[in-house]
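Before any comments, here is the structure.
The values are calculated or read from the model by the stated rules, or taken from the named source; none is laboratory data. If you're wondering where the values come from, they're calculated on a predicted model, not measured in any experiment. We place every Cβ from the backbone using ideal geometry, glycine too, and count neighbours over all the protein chains shown. In case anyone asks, the SASA skips ligands and DNA or RNA and just uses the protein heavy atoms, side chains included. Shrake-Rupley method; radii C 1.70, N 1.55, O 1.52, S 1.80 Å.
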Amino acid sequence: MSEIKPTDPAATNAGEEKDWAAPKAFFDSLKTRKPRPPKPQYAVTIAVSSRTLFNMVAERKIYEEEGVEKYVTFQQEHENQPLMPGVAFPLVKALMTVNSRLRQLYPDSEELFDIVLMTNNHAQVGVRLINSINHYDLTIERFCMTGGKSPIGYLKAYMTNLYLSKDGEKVTEAIEEGIAAATMFASGDVENQLSDTQLKVAFDGDAVLFSDESEIIVKQHGLDTFFEHEKEFENKPLAQGPLKCFLEALGKLQRKFYAKNERMTCPIRTYLVTARSAASSGARVLKTLRSWGLEIDEALFLAGAPKGPLLQKIRPHIFFDDQMFHIEGAKELGTIAAHVPYGIGQKYHKGELIEQPDKDVKDKK
């Protein structure tokens, strides 16, 4: 996976700087209390779908059962009725909290979170989405509404660091394009109050932050071979996984707080929640993060124990994992979980190989 954004602002194309100068000067001249979106080259851009930001289950049912025209008509007729918050809503609020703190410390900095609404909704639905965003006082200024087409092709143009959707196919497409992405799932019925002062992000390790190279050995050769392999290659960094770049972006913002002596009050906290055993295979993980120049605030090695109870204590705004087995366990205990459809884990469930359709038979149909 490669970083999408240029890491050196000086390398930004001069033409792009010129193109940005005029609209920025215009917006800066306007009097408003609403924060302006940061310059895309410097921002950490989080693209969220309308169905993750808002609860649109009833609207989706109309679309599936009655068609797009009825759906659009319904949205227009109810455009003054705010949509209810969705699974990504607490995360977006937490991102805004971090931005508020950053603006206090760095009034002129554009290294902030920028939230983009990325949806395949038709533009006619846009008024209800705008009204809902304004109702909740969300700072979302950039929209991409693609009228029924997949929005994935626009993610790079929006310089996206993370894409969140409820559509697994689109998420897979985004990951194949080299963009960090995950499919979000609502938590279960368990009440799980989230922090309103600190953004908490929890990551699985293999096939999320790291590649699935070690996961392949576990699945194909068993734990003993895996432990031997990790010991042998303890000092060789793991290859990066699909969400490494997002952790890197979080780390960039964390360091801005550290520079102001606010490490202990930093409003971003990251967690590694891995099924690995610390003694048998943990050193390679920590050394890999060190080699990348990245920090993780808390590392929890569970040695195969369920992740749900630990996540229930952490109460993250989002937890990323590549295996639906762990996603389901987290959801049951009230955690907002996001599936990363990457690596060999997609072929297994609870450690058992999922029967794959015969390719030759499939091709003949």
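Suppose every Lys and Arg Cβ carries +1 and every Asp and Glu Cβ carries -1, with no other charges. What dipole size does the chain come out with about its Cα centre, to the nearest 20 debye?
Result for the chain is approximately 1060 debye, rounded to the nearest 20.
Take the chain, connect every pair of alpha-carbon atoms lying under 10 Å apart with a spring to form a Gaussian network, then pick out the residue of Ala94, Ala278, Ala21 with the largest mean-square fluctuation.
Ala21
On a full-extension model of 0.36 nm per residue, what is the gain between Glu262 and Asp297, subtracting their alpha-carbon distance, rounded to one decimal in nm?
Contour length minus Cα-Cα distance gives 11.2 nm.
For the chain, evaluate the Debye formula with one uniform point scatterer on each Cα (no solvent term) and list log10 I(q)/I(0) at q = 0.11, 0.15 Å⁻¹, rounded to two decimals.
-0.81, -1.43
Under 5 Å between amide hydrogens, which residues at least 5 positions from Ala299 or on another chain qualify, with H placed 1.01 Å from N in the peptide plane?
Leu272
How many nm separate the modelled label positions at Gln198 and Glu141, each set 7 Å beyond the Cα in the direction of the Cβ?
Computed distance between label sites Gln198 and Glu141 equals 3.1 nm.
With a 1.4 Å probe and every protein chain left in place, work out the accessible area per residue of region 125-257 in Å², rounded to a whole number.
43
Of the listed pairs Lys170/Lys347; Lys313/Lys347; Lys61/Lys200; Lys200/Lys313, which have alpha-carbon separations greater than 21 Å here?
Exceeds cut-off: Lys313/Lys347; Lys61/Lys200.
Run the accessible area of region 222-352 with a 1.4 Å probe and give the carbon-and-sulfur part as a rounded percent.
Percent of accessible area from carbon and sulfur atoms in region 222-352: 51.
Relative contact order (percent) for the chain, with alpha-carbon contacts under 8 angstrom and 6 or more residues of separation?
Reported as a whole number, the value is 18 percent.
Which residue, Leu310, Leu209, Leu102, tops the fluctuation ranking in a GNM of the chain built on C-alpha contacts under 10 Å?
Evaluated over the chain, the most mobile residue of the options is Leu310.
Counting other Cβ atoms within 10 Å of each Cβ, which trypsin sites (Lys or Arg not before Pro) in region 81-123 have at most 14 and sit in a DSSP loop?
Hits after loop and neighbour filter: nothing returned.
Quick one: longest stretch of the chain between exposed loop GluC sites (Glu not before Pro), exposed meaning at most 13 other C-beta atoms within 10 Å and loop per DSSP?
1-190
Out of Ala305, Ala25, Ala330, any idea which swings most in a Gaussian network model of the chain, alpha carbons joined below 10 Å?
Ala25
Give the calculated FRET efficiency between Ala278 and Asp19 to the nearest 0.05, with a Förster radius of 41 Å applied to their Cβ-Cβ distance.
It comes out at approximately 0.25.
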